[in-house]
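In what follows, a structure is listed as structure tokens, so that the remarks can point back to it.
The values are calculated or read from the model by the stated rules, or taken from the named source; none is laboratory data. These numbers come from a predicted model, not from an experiment. Note that each Cβ is placed from the backbone with ideal geometry, even for glycine, and that neighbours are counted across all protein chains shown.
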Amino acid sequence: MNDLKSPFRWPAEWESQAATWIAWPHNRETWPGHYDDIPSVFETLVTALSNCQPVHIIAAAGAVYEDATTRLGHCPNVFIHSIATNDCWIRDYGPTFVQRLDDRSLVGVLWHFNAWGDKYPPYDLDDAAAEKICRHLGAPFNQSSLYCEGGALEGNGDGLLLTTSSCLLSTTRNAGWKREMVEEELRLQLGVKQVVWVDGGGLVGDDTDGHIDQLARFVAPTVVVAATSHDSTDPNAPGLQKNVELLRSTRTLDGGLLAVHELPTPPPRWVDGQRVPESYCNFIFAEGSVIVPTFRAATDQYALDLLARLLPNRRVVPLDAYDLIWGLGAFHCVTQNQPA
């Protein structure tokens, strides 16, 4: 790796947060035949988050804004802004916030967004939302030349980043980019020092080409939870096990090893003939808490207990994602954290 310097640091998600950003749902095609229950899921999520920290909701003027306001406009700690979107996956198209090393001031990194390789046009409003959020905050922003999504990046706050080549090196995102070019851009924009490519395999049903926030997450600078399956009939199992082995063999820049804890995925489930990519890795941090998706599965309690053991100073808040996951993402996918 070269010695490229960056004036930025990307804080870990467990560090102090100023707020969470959410895009209010409205695209019925994201949950075909199952949309009507989704706004209530978001309402429950926002309520849980607002008990911990401020929540900013973006919604297009008109019916979408009115729905969000009717449901949550009365809640303290909830602020609703008129910003239009095509869909609700703000983790992927929202700004990735970094801090300047000299004064810790906030800077937004704006990735190019093309809906996971041009899968779901139109996406022009989503691609424009990050800049509007930064302008609302009065925060400076840097436009990256990389097509990327927030869910494709996982950092430990100490210069180590996890990602997958199936996302960032896909020809529908970054044709012509070499791995070294992507790493250089990530170092420049986020201040990371080491990029680890977790390329064992992803989840059947995941339409993002393998977002890392469904596969492996940091809970401390050298502690990772990784999705696994010990069902020999599950096509996810071999690739997920390779991810675990890769992570356990990774040496950090100081020569140490990562502590990797296996976080079993729920048993396979299909909705309308399509397998849904259920993973407990899609949890989110909030001040004093960690909000964990549950799937009405026998594995739910194990996941909650493991995260409680690894995060003893946080309240573990289970939230039902059984309906939400039909849109092929859970709580980390529909939120973006703003560091304090």
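In the set 204, 198, which member is closer than 30 Å to residue 267 by Cα, surrounded by fewer than 18 Cβ atoms within 10 Å (Cβ to Cβ) and either among the aromatic types (Phe, Trp, Tyr) or at pLDDT 95 or above (or both)?
Numbers: 198 fails: surrounded by fewer than 18 Cβ atoms within 10 Å (Cβ to Cβ).
The unique qualifying residue is 204.
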Looking only at segment 16-50, count how many residues are out of contact with any strand residue (DSSP E or B) (no Cβ under 9 Å at 6 or more places or on another chain) and part of a helix (DSSP H, G or I).
10
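Kindly establish whether residue 180 is in a helix (DSSP H, G or I) and farther than 20 Å from residue 106 by Cβ. Write out each step before concluding.
Details: in a helix (DSSP H, G or I): yes; farther than 20 Å from residue 106 by Cβ: yes.
Taking the combined requirement at face value, the residue satisfies it.
Quick check: anything in segment 106-115 among the β-branched types (Val, Ile, Thr), closer than 15 Å to residue 151 by Cβ, in contact with a Ser or Thr (Cβ under 6 Å, 6 or more places away or on another chain) and not in a loop (DSSP other than H, G, I, E, B)? Spell out the reasoning first.
The first filter runs over segment 106-115 and keeps only residues among the β-branched types (Val, Ile, Thr), leaving 107, 109.
Restricting the remaining residues to those that are closer than 15 Å to residue 151 by Cβ gives 109.
Remaining after also requiring in contact with a Ser or Thr (Cβ under 6 Å, 6 or more places away or on another chain): 109.
Cutting the leftovers down to not in a loop (DSSP other than H, G, I, E, B) gives us 109.
Scanning segment 106-115 turns up at least one residue that is among the β-branched types (Val, Ile, Thr), closer than 15 Å to residue 151 by Cβ, in contact with a Ser or Thr (Cβ under 6 Å, 6 or more places away or on another chain) and not in a loop (DSSP other than H, G, I, E, B).
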What is the one condition in (1) at pLDDT below 95; (2) within 30 Å of residue 120 (Cα to Cα) that residue 253 does not satisfy?
(2)
Name every residue in segment 120-150 that is of a type outside the set (Lys, Arg), over 18 Å from residue 190 (Cα atoms) and in contact (Cβ under 8 Å) with a residue 24 or more places away in the chain, in order of residue number.
120, 122, 123, 124, 125, 126, 127, 129, 133, 136, 137
Considering only residues that are over 24 Å from residue 260 (Cβ atoms) and either surrounded by fewer than 22 Cβ atoms within 10 Å (Cβ to Cβ) or acidic (Asp, Glu) (or both), which ones fall in segment 275-295?
275, 287, 288
Looking at segment 243-264 only, could you name the residues that are part of a strand (DSSP E or B) and small (Gly, Ala, Ser)?
259
Restricting attention to segment 61-93, and to residues there that are of a type in the set (A, V, I, L, M), assigned to a helix (DSSP H, G or I) and over 18 Å from the mean Cα position of the chain (by Cα), which single residue is surrounded by the fewest Cβ atoms within 10 Å (Cβ to Cβ)?
63
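Here are 298, 330: which of them is in contact (Cβ under 8 Å) with a residue 24 or more places away in the chain, on the phi < 0 side of the Ramachandran plot, surrounded by fewer than 17 Cβ atoms within 10 Å (Cβ to Cβ) and not in a helix (DSSP H, G or I)? Lay out the reasoning, then the answer.
Details: 330 fails: surrounded by fewer than 17 Cβ atoms within 10 Å (Cβ to Cβ).
Going through 298, 330 in turn, the sole match is 298.
Each row is one residue, and each column tells you yes or no for (1) in contact with a strand residue (DSSP E or B) (Cβ under 7 Å, 6 or more places away or on another chain); (2) not in a strand (DSSP E or B).
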| position | (1), (2) |
| --- | --- |
| 202 | no, yes |
| 205 | yes, yes |
| 209 | no, yes |
| 217 | yes, no |
| 224 | yes, no |
| 231 | no, yes |
| 234 | no, yes |
| 239 | no, yes |
| 266 | no, yes |
